[in-house]
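J.: Pasting a structure below so you can have a look.
Quick note: the coordinates plus some simple rules give every number you see, no bench work behind them. Owing to the predicted nature of the structure, the values given are computational and were not obtained by experimental measurement. Reconstructed Cβ throughout: ideal geometry from the backbone, glycine too, with neighbour counts over all protein chains shown.
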Amino acid sequence: MQFEEKIKQEVPQDDSTDIAEKMILYTEIKKRKPQIVVEIGTHRGLTTLYMAHALWENGKGMIHTCDPNPEWYQEGNFCKFEEFKDIIKFHLIKGKDLPKDIAPIDFLFIDGFHEKEFVLEELRELMPRLSENAVVYFHDTLGSNVSCDPLGAAKEFGLEVEIINTKNGMAIYEHNKNFSDNTDNSSRGATSNEGESVKPGVQRVRVASGSKRIRKTRSKRSI
Ligand SMILES: C[S@@+](CC[C@H](N)C(=O)[O-])C[C@H]1O[C@@H](n2cnc3c(N)ncnc32)[C@H](O)[C@@H]1O
């Protein structure tokens with residue numbers, strides 16, 4: 001059985017991230033081979049499971065995922081995947097409260113409460129812990145308004161991000177651009193097991209002045 005089918009069978013209530021977005025996380029982890037992955041916003045654990053499967057295939061790395069709300073039965077879902085017992089560590093806490101010894105972080109996926117102030121708190125806490133070649137993925141970037149504004153948080157924090165045109169919108173911040181330029185970007189267009197083509201358009205975005213890290217971009221627009 002393909003892993004996507006197994007996940008669908010064990011966690012049938014999928015009210016989370018779009019399949020293309022899950023596959024982007026999976027393929028990026030396969031490509032980057034991170035040692036420490038952090039996810040903010042576990043929900044039922046679906047994106048966690050996709051990322052954990054990539055780590056399991058890589059043969060190294062673990063994921064720390066956190067959510068202050070236990071009602072989504074995350075741990076029960078994770079128990080169904082014996083192979084991930086040493087790969088997934090669930091923390092029943094907010095992202096900003098993740099233990100300080102979770103470092104250096106190679107891959108950070110921010111998908112918790114999307115309000116700007118919450119994302120900013122998470123960035124303040126976790127950005128200093130990134131490893132040299134780390135990458136940060138923001139989810140739900142299309143819903144930017146007062147209550148959902150991860151891009152506003154990235155901008156205020158001074159991050160230059162790249163937008164990926166997926167259903168809900170994603171953005172990437174790469175800590176070491178040179179590392180990224182030397183890697184194969186083809187995994188950003190992956191194919192899911194269902195044969196669905198996952199080829200989100202990639203659009204460079206330069207965050208406004210005052211950035212802590214301003215870098216050259218291929219094409220630019222302000223957010
Ligand atoms: C959009 S869902 C996450 C979906 C999940 N990543 C997936 O696609 O499978 C957002 C989750 O963030 C959780 N959450 C809310 N505030 C949070 C915080 N401060 N830190 C971590 N998680 C939070 C919510 O309880 C909810 O389960």
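J.: Regarding region 3-204, what's the average projected area of the Cα-atom convex hull, expressed in nm²?
T.: 10.2
J.: Report the gain in length on full extension from Q2 to N69: 0.36 nm times residue separation, minus Cα-Cα distance, nm rounded to one decimal.
T.: 21.1 nm
J.: Region 102-118 to region 1-38: how many Å between their Cα centroids?
T.: The distance from the Cα centre of region 102-118 to that of region 1-38 comes to 17 Å.
J.: Dipole of region 3-204 (Lys/Arg Cβ +1, Asp/Glu Cβ -1, origin at the Cα centre): which of L142, F90, H175 lies farthest to the positive side?
T.: Of the candidates, H175 comes out farthest on the positive side.
J.: If you take the square roots of the eigenvalues of the alpha-carbon gyration tensor of region 26-132 and sort them as a ≥ b ≥ c, do you get rounded (a/c under 1.5), prolate (a/b over b/c) or oblate?
T.: Oblate, because a/c is 1.5 or more while a/b does not exceed b/c.
J.: Would you please put 99-106, 20-27 in order of how densely packed they are, using the mean number of other Cβ atoms within 10 angstrom per residue and starting with the highest?
T.: Highest to lowest by the protection proxy: 20-27, 99-106.
J.: Just how far, in whole angstrom, is region 125-157 from region 67-95 if you go by their alpha carbon centroids?
T.: Value for the Cα centre distance between the two parts: 23 Å.
J.: Oh, and also: Compute the orientation-averaged projected area for region 1-56 from the convex hull of its Cα atoms and round it to one decimal in nm².
T.: The directionally averaged projection comes out at 3.8 nm².
J.: Quick one: length gained pulling N58 to Q35 fully straight, 0.36 nm per residue minus the C-alpha distance?
T.: Contour length minus the Cα-Cα distance gives 7.3 nm.
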